[in-house]
Amino acid sequence: MADLTLRNIRKSYADFEVLHGIDLDIKSGEFIVFVGPSGCGKSTLLRSIAGLETITSGDLVIDGERMNTVAPSKRGISMVFQSYALYPHMTVYENMAFGLRIAGVSKAEIDERVQKAGEILQLSKYLQRLPKALSGGQRQRVAIGRAIVRNPRVFLFDEPLSNLDAALRVATRIEIAKLKQSMPDVTMIYVTHDQVEAMTLADRIVVFKDGNIEQVGTPLELYKRPANLFVAQFIGSPAMNILEGTVVGKSQGVTHLMLECGAELNVSADRGVLPVGERLSIGIRPENTQIIPAGEHGPVLTGTVDFVEHLGEVQILYVDMVGSAQKYLIKTADDEAYARMDTIRFTARTNDIHLFDAKGRSIAGRILEDHALTHVSRSRFRGDAPGGGGTAQRSAGLRTGALDP
Amino acid sequence: MSVSHQSRETERTDFVAVLAKVCLVAFLISLGVVVLYPLFWMALNGFKTNAEIFGNPFALPGGFSVANYIAAWNQGIRNYIATSVIVTLGSAVCTVLVSAWTAYGLTRSKLPGKPFFVGIVLGGLMLSPTVAVIPLVRMMQDLGLYNTYWALIILYTAFRIPFTTFLIRAYMLGLPRDLDEAAIMDGASEGQIFWKVTLPLCKPILVSCVILHVLFAWNEYLFAMIFTSGADLQTLPVGLTSIMAKHGTNYAVVFAAMTLSALPIVMTFFAAQRFFIRGLAEGIGK
């Protein structure tokens with residue numbers, strides 16, 4: 001059982017600040033995943049929690065106890081490294097027993113704990129082998145076993161699957177998920193840049209950018225209600241399409257937007273939120289884009305297929321939009337053939353359209369912030385805020401565009 | 001016509017390649033003969049009598065009698081070898097341990113101004129032993145270490161630390177830091193990380209360093225001559241000169257003594273050639 005609280009955590013190397021005041025509350029037993037692009041500070045924060053990096057300022061609190069200056073081994077934390085970091089000259093058994101021996105645990109207890117971990121991770125047959133005689137997946141399990149035997153309160157994983165091949169990665173990911181189920185009280189923090197790992201493993205995902213938290217939320221919250229353009233484009237593969245537009249007028253509860261490509265968009269959002277002349281970004285996910293069959297009428301965008309990627313089950317179309325130099329990606333079932341230079345018309349359901357203001361904030365998020373700033377500011381970072389969000393997104397819809405034939 | 005021209009070209013290229021290979025092999029064989037023949041000749045002359053050596057220096061001995069070798073062994077070589085073994089092994093252990101600790105500090109600590117300390121330690125490579133002889137003699141006399149094993153062990157250690165540290169440091173820089181961090185998470189102290197994680201992982205370079213040090217200490221002459229005086233404390237190189245002075249006319253015994261003194265080091269070299277070469281290559285590029 002370990003609640004973990006980060007309060008205004010800052011980390012600097014000389015004059016260069018890499019973490020700019022991180023606030024985060026992690027509840028006991030939660031599986032938290034840190035994601036973000038390279039250099040965003042997610043691994044630095046993990047290492048700071050572990051004690052491998054000193055915290056420049058702020059508080060790291062585990063179960064009410066400030067841990068900033070406590071030795072790594074005394075924090076009740078175990079860490080699984082990206083490179084496994086197994087001691088190559090020690091057998092699997094010795095690798096797992098090393099920390100316990102240093103801690104002065106009795107031989108009998110060490111043996112019991114190592115054997116138990118070996119059984120859980122199906123390593124019993126390999127306890128007397130050296131790491132070099134094991135496969136990548138087995139080594140990863142030994143690294144996890146070394147962490148388990150110490151009975152930690154908090155488990156840290158630093159991109160543990162990135163050295164495995166695709167098939168093994170899926171298998172080990174499932175093993176980690178099962179491991180978490182078998183240890184419901186242990187808090188786990190997992191760093192990855194792999195969205196699939198994040199979405200499938202996490203209770204909550206924390207998205208980082210440039211040393212700041214962009215959003216905290218459940219995987220579906222992040223996918224369906226991204227707080228800003230960065231999260232919208234970071235979560236989901238391929239990334240969300242972003243179209244630029246301007247509010248051009250209002251009538252009868254409807255706000256009219258003119259897209260840069262020339263199409264027109266109507267949004268029935270709160271008029272107070274969208275003043276005339278405001279520039280907006282309109283986000284539509286490739287998988288939420290629907291191709292309109294020839295002959296059907298309705299609100300559409302138009303473009304020419306430039307390239308088709310076949311992934312078996314689905315295909316990804318790279319479309320040159322009419323009236324824009326931008327590529328628009330469409331993910332659709334691979335049952336209909338498209339070829340280069342095909343002209344297609346496409347649209348999206350109003351529920352699947354995301355709106356962002358000029359600062360990149362979600363309009364839904366901005367409604368909440370503008371009307372309940374004090375209430376939202378902190379809880380947003382805990383990921384439990386945008387509950388009422390999405391009104392603007394849900395009420396937006398594409399109307400017949402200027403380029404609609 | 002162009003086909004036959006092409007085949008003639010190919011034949012010529014093949015011929016040049018074969019010729020080059022033959023020349024290279026011949027050169028290497030000659031080089032080997034130049035290095036090995038004197039040793040072989042020395043060992044062979046150890047089996048001859050003085051008359052045979054002077055009569056026909058390049059002929060094979062009349063019989064393979066080990067009398068000269070036994071004589072050389074009993075006339076001091078035994079003691080010289082014992083002293084050399086003590087001094088060489090003692091200084092090898094000290095050098096490697098001190099250098100490994102130093103390299104660990106220079107690669108793992110967050111010491112401010114670390115490049116400066118690296119410079120100081122590695123700058124020792126530039127120091128010539130000859131210029132330090134006089135102050136060292138006074139120091140050893142004052143410390144009461146003159147004419148003891150310790151004089152040589154300490155001096156060999158001190159003068160070999162820069163080079164050995166240089167090699168071990170280069171190796172340690174290549175060891176993954178994750179292992180240190182894993183040990184820190186396991187609760188290991190700096191000492192435990194050094195002894196239980198880093199040092200065992202450095203085994204290949206440590207072996208190389210020991211071999212390079214053995215080659216140096218076994219053959220070192222200057223310090224051994226200056227800092228020891230009694231016959232019971234002389235190492236092989238100095239002892240050999242004593243034997244030569246003593247048995248100046250009995251070349252057969254001198255050759256036997258020289259062969260006996262070279263034998264251990266030659267055997268060590270051939271047994272551990274792999275580590276020796278790796279040791280030399282290890283300092284490159286890091």
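We did not get these values from a lab; they are worked out from the coordinates using the rules stated. Keep in mind the model is a prediction, meaning the values are calculated, not measured. So basically every Cβ, Gly included, is an ideal-geometry build from the backbone, and we count neighbours across all protein chains shown.
Sort B:F227, B:F269, A:F346 by Cβ crowding within 10 Å, fewest neighbours at the top.
Exposure proxy ranking, most exposed first: B:F269, A:F346, B:F227.
Do any chymotrypsin sites (Phe, Trp or Tyr not before Pro) in segment B:12-86 lie in a DSSP loop with no more than 13 other beta carbon atoms within 10 Å, and if so, which?
Filter output for segment B:12-86: B:F58, B:F64.
What list of ³J(HN,Hα) values in whole Hz, one per residue of segment B:170-180 in order, does the Karplus curve 6.51 cos²θ - 1.76 cosθ + 1.60 (θ = phi - 60°) give from phi, with Gly and Pro shown as x?
4, 5, 5, 4, x, 7, x, 5, 3, 5, 4
How big is the dipole moment of chain A about its Cα centre under a simple scheme where the beta carbon of each Lys and Arg is +1, that of each Asp and Glu is -1, and everything else is neutral? Debye, nearest 20, please.
The calculation lands at about 1260 debye.
Would you kindly derive the ³J(HN,Hα) couplings of segment A:84-98 from the backbone phi angles with the Karplus curve 6.51 cos²θ - 1.76 cosθ + 1.60 (θ = phi - 60°), listing them in order in whole Hz, with x for Gly and Pro?
The phi angles translate into 6, 6, 7, 6, x, 8, 10, 6, 4, 4, 5, 4, 6, 7, 3 Hz.
Using amide H atoms built 1.01 Å from N in the peptide plane, name the residues 5+ places from A:V248, or on other chains, whose amide H lies under 5 Å from its own.
The answer is A:H256, A:L257, A:M258, A:G277.
Where a ≥ b ≥ c are the square roots of the eigenvalues of the C-alpha gyration tensor, would you call the protein assembly as shown rounded, which needs a/c under 1.5, or, failing that, prolate if a/b is larger than b/c, or oblate?
Prolate is the answer for the protein assembly as shown, as a/c is 1.5 or above and a/b outweighs b/c.
Could you please rank B:V210, A:V319, placing first whichever residue has the fewest other Cβ atoms within 10 Å of its Cβ?
Listed from fewest to most nearby Cβ atoms, that is B:V210, A:V319.
Whole-Hz Karplus ³J(HN,Hα) for segment A:188-202, in order, using 6.51 cos²θ - 1.76 cosθ + 1.60 and θ = phi - 60°, x for Gly and Pro?
10, 10, 10, 9, 7, 10, 8, 4, 5, 4, 4, 5, 7, 9, 6
Over all directions, what mean area does the Cα convex hull of segment A:4-224 project, stated in square nanometres?
Over all viewing directions, segment A:4-224 projects a mean Cα-hull area of 12.2 nm².
Please report, in debye to the nearest 20, how large the charge dipole of segment B:67-282 is about its Cα centre when each Lys and Arg carries +1 at its beta carbon and each Asp and Glu carries -1 there.
Dipole about the Cα centre, nearest 20: 200 debye.
Under the rule of at least 5 residues apart or a separate chain, name every residue whose amide H is placed under 5 Å from the amide H of A:Q326.
Close amide H contacts, sequence-distant or interchain: A:M321.
Sort B:Y104, B:Y146, A:Y13 so the one with the fewest other Cβ atoms within 10 Å of its own Cβ comes first.
By the 10 Å Cβ count, ascending, the order reads A:Y13, B:Y146, B:Y104.
Given the -39500 (n - 2.57) contribution per DSSP H run of 4+ residues, what per-residue ellipticity at 222 nm results for chain B, rounded to the nearest 500 deg cm²/dmol?
Here the helix-only value at 222 nm equals -24000 deg cm²/dmol.
Report the local net charge at B:S109: Lys and Arg +1, Asp and Glu -1, summed over other residues whose C-beta lies under 15 Å from its C-beta.
Neighbour charge sum, excluding B:S109 itself: +2.
Counting only helical runs of four or more DSSP H residues, what would the 222 nm mean residue ellipticity of chain A come to if each run contributes -39,500 (n - 2.57) and the total is spread over all its residues?
When only DSSP H runs of four or more count, the value is -7500 deg cm²/dmol.
Quick one: putting +1 on the C-beta of Lys and Arg, -1 on the C-beta of Asp and Glu, what dipole do you get for the protein assembly as shown around its Cα centre, in Debye to the nearest 20?
That gives a dipole near 1860 debye.
For A:Y190, which sequence-distant residues (separation of 5 or more, or a different chain) have an amide H within less than 5 Å of its own amide H, given hydrogens modelled in the peptide plane?
A:I32, A:V33, A:F34, A:F157
Cα gyration tensor of chain B, axes a ≥ b ≥ c as square roots of the eigenvalues: rounded (a/c below 1.5), prolate (a/b > b/c) or oblate?
Since a/c reaches 1.5 but b/c is at least a/b, the shape of chain B is classed as oblate.
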